[in-house]
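Here's the structure we're looking at; comments come further down.
The values are calculated or read from the model by the stated rules, or taken from the named source; none is laboratory data. Please read all numbers here as calculations on a predicted model, not as lab measurements. Counting neighbours? That spans all protein chains shown, and the Cβs are built from the backbone with ideal geometry, glycine included.
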Amino acid sequence: MIKFQGMKLSTLFLVVVTTSAILLLIKPLPTIAAEKIVTQETLLDRIKIEDMLIKYYVDISSGTGEDLAQCYTEDGVFDVNGMIAKGREAISKMYGGLDEENAHVGSRLHMLLNNPIISVDGDTATVWAIWSGVLNADINKPPVIVDQGREYSELVKRDGKWYFTKRYITSDSNLPPVWKDTYKPRKFR
């Protein structure tokens, strides 16, 4: 009998065949979806989107509805707690219809944007973020967080500029009265 490193050739053959059969029967492990490749262009787009969002939130306190509506496509959809405006004109009117009692405007309100998750895919992108409204009623008093929630937005790039196509704002606390009847708890993550 021929031996291969102390093993009979027939035993070695049996080991090789058995191992091969087992390997063929084992299902390959599923691969984890690869992250999208980050390029200089996608990084620049991400920065442009984040800058747009921050400016938008700063302008909520000081801008006009018409100014804010320009961040949307002509047919953009703005959904705040279930109250929906379609198109720039309707979005501008929605902002114009929010009074101090309902939107916490007045005094010194600052909107903070936190934990943005921005995903860019060519000329489209999505954003998920947390927002907080911080009221500074008096220079001698500490700031107060008056409301907080989340947003999920879909964007498109046209002529190098990013616009909202769909934007969903959901309150998580201190829901203003104007949205009492339309509020729907939602999750986008």
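Tallying residues that are surrounded by 12 or more Cβ atoms within 10 Å (Cβ to Cβ) and either within 14 Å of the chain's Cα centre (by Cα) or basic (Lys, Arg) (or both) within the stretch 118-150 yields 13. Only a single criterion out of (1) of a type in the set (S, T, N, Q); (2) in a loop (DSSP other than H, G, I, E, B); (3) crowded, with 17+ Cβ neighbours inside 10 Å is not satisfied by SER153, namely (2). Would you mind stating whether LYS184 is over 16 Å from the mean Cα position of the chain (by Cα) and either closer than 19 Å to PHE78 by Cβ or of a type in the set (A, V, I, L, M) (or both)? Yes; evaluated as a whole, the condition is true for this residue. Please tell me if GLY96 is loosely packed, with under 14 Cβ neighbours inside 10 Å and either among the β-branched types (Val, Ile, Thr) or modelled with pLDDT under 95 (or both). Yes, satisfied.
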